[in-house]
Every structure is written in structure tokens, then in C-alpha cells.
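Asks: So that we are looking at the same thing, I have put the structure below in C-alpha cells.
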Amino acid sequence: MTFTVLMTRNVQKCFKFITGPQIIKQMSTKLAEEDIKVTDDCVKRLEAICDKDEFLRLCVESGGCSGYQYKFELDRTIANDDCVLEKQGIKIVVDTTSLNYIRGSTIDYEQQLIRAAFRLIKNPKAEDGCSCGASFSIKID
């Protein structure tokens with residue numbers, strides 16, 4: 001098979017996975033602890049860096065070493081399609097599309113000698129990822 005045929009089949013499988021009826025459903029604006037878990041280190045760091053109206057936004061974008069990448073940023077605006085997790089006074093916001101890629105994951109804050117960053121760990125939807133943990137490829141059943 002040619003590279004183009006293989007890529008087309010993979011894109012079709014990914015599209016089917018993402019848009020399957022079991023994945024797309026009406027979401028409430030509240031996230032449960034089963035949707036996304038948050039470590040105590042993450043909560044402590046967000047308490048330290050967030051202003052009164054700020055929260056951590058997590059989204060999934062195409063790109064990175066493995067096809068998709070996690071993007072963390074501080075934000076102040078909540079959109080209509082956002083889901084909100086509140087824990088110990090902090091907020092984490094994820095849009096519904098990104099939630100389909102990360103449901104069941106844990107958000108952590110990791111501090112090492114060479115870097116300190118928010119990380120998404122234990123993503124049940126990720127098959128492979130890069131060594132820094134910033135990108136992943138999705139599992140296709």
C-alpha cells in the first residue's frame with residue numbers, strides 16, 4: 001500500500017473514533033472526578049499562580065511528536081462548550097472536543113531540576129507519546 005492510502009485509512013479510523021455516537025454526547029458544564037483527576041501538587045501550584053478570576057485551561061491540538069499535543073494555559077473566559085472541574089477552590093476548564101481525547105486522565109504538576117510543568121498523565125486514550133509527555137497518539141480500537 002502507498003503512504004497516501006495508509007494515511008487516508010488512519011484518518012478515517014480517527015474520525016470514526018472521535019465522532020462515534022458513544023463519544024459525542026451532550027455534556028454538562030460540570031466535570032466529575034471520574035472525567036479528569038487532579039493531583040494535590042497541581043492544586044497547590046494553581047493556588048499559587050492563579051489570580052482570583054483565572055483558571056487552568058487544557059486543550060488538545062494536532063501537532064507534536066506523536067500527532068496530538070496537550071496545551072496548558074491560564075485563562076479568564078469560559079466558552080459555551082467548556083466543561084469545568086472545580087476542586088479545592090481552583091478551576092480547570094476543558095472544551096468538549098478535547099475532553100473526548102483525555103477523559104479518565106490525571107492532571108499533575110511536576111517539578112524537576114530541568115523543568116517545572118503541568119502534565120497530563122495516565123491518559124487511557126493515548127497509545128504512544130513522546131518522552132517529555134507533551135504529545136501523544138490516540139488508541140484506535
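Here is a yes/no grid of residues against (1) open to solvent by 50 Å² or more (accessible area, probe 1.4 Å); (2) acidic (Asp, Glu):
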position	(1), (2)
Asp81	yes, yes
Leu85	no, no
Ile107	no, no
Glu110	no, yes
Glu127	yes, yes
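Asks: Return the residues of segment 59-108 that are basic (Lys, Arg) and closer than 23 Å to Ala48 by Cβ; say none if nothing qualifies.
Replies: Scanning segment 59-108 gives Lys71, Arg76, Lys87, Lys91.
Asks: Working only within segment 110-141, note down all residues that are among the hydroxyl-bearing types (Ser, Thr, Tyr) and either part of a strand (DSSP E or B) or at pLDDT 95 or above (or both).
Replies: Selection gives Ser135, Ser137.
Asks: In segment 95-109, is there at least one residue being free of Cβ contacts under 8 Å to residues at least 40 places away in the same chain, more than 10 Å from the chain's Cα centre (by Cα) and not in a loop (DSSP other than H, G, I, E, B)?
Replies: No - not one qualifying residue is present in segment 95-109.
Asks: Quick check on my filter: what residues within segment 87-124 are under 13 Å from Arg45 (Cβ atoms) and acidic (Asp, Glu)?
Replies: Asp108, Glu110 - these are the residues of segment 87-124 that are under 13 Å from Arg45 (Cβ atoms) and acidic (Asp, Glu).
Asks: When you go through (1) surrounded by fewer than 11 Cβ atoms within 10 Å (Cβ to Cβ); (2) in contact with a Pro (Cβ under 6 Å, 6 or more places away or on another chain) one by one for Ile114, which number turns out not to apply?
Replies: Condition (2) is where Ile114 drops out.
Asks: Continuing with the same structure: Could you say which residue among Leu74, Leu46 is within 19 Å of Ala117 (Cα to Cα), surrounded by fewer than 14 Cβ atoms within 10 Å (Cβ to Cβ) and under 18 Å from the mean Cα position of the chain (by Cα)?
Replies: Checking each option against the conditions leaves just Leu74.
The values are calculated or read from the model by the stated rules, or taken from the named source; none is laboratory data. Here the structure is a predicted model, which means the values were calculated and not measured. Methodologically, a virtual Cβ is constructed for each residue, glycine included, from the backbone with ideal geometry; neighbour enumeration extends over all protein chains shown. The area values use the complete protein model at the heavy-atom level, side chains included, leaving out ligands, DNA and RNA. Shrake-Rupley method; radii C 1.70, N 1.55, O 1.52, S 1.80 Å.
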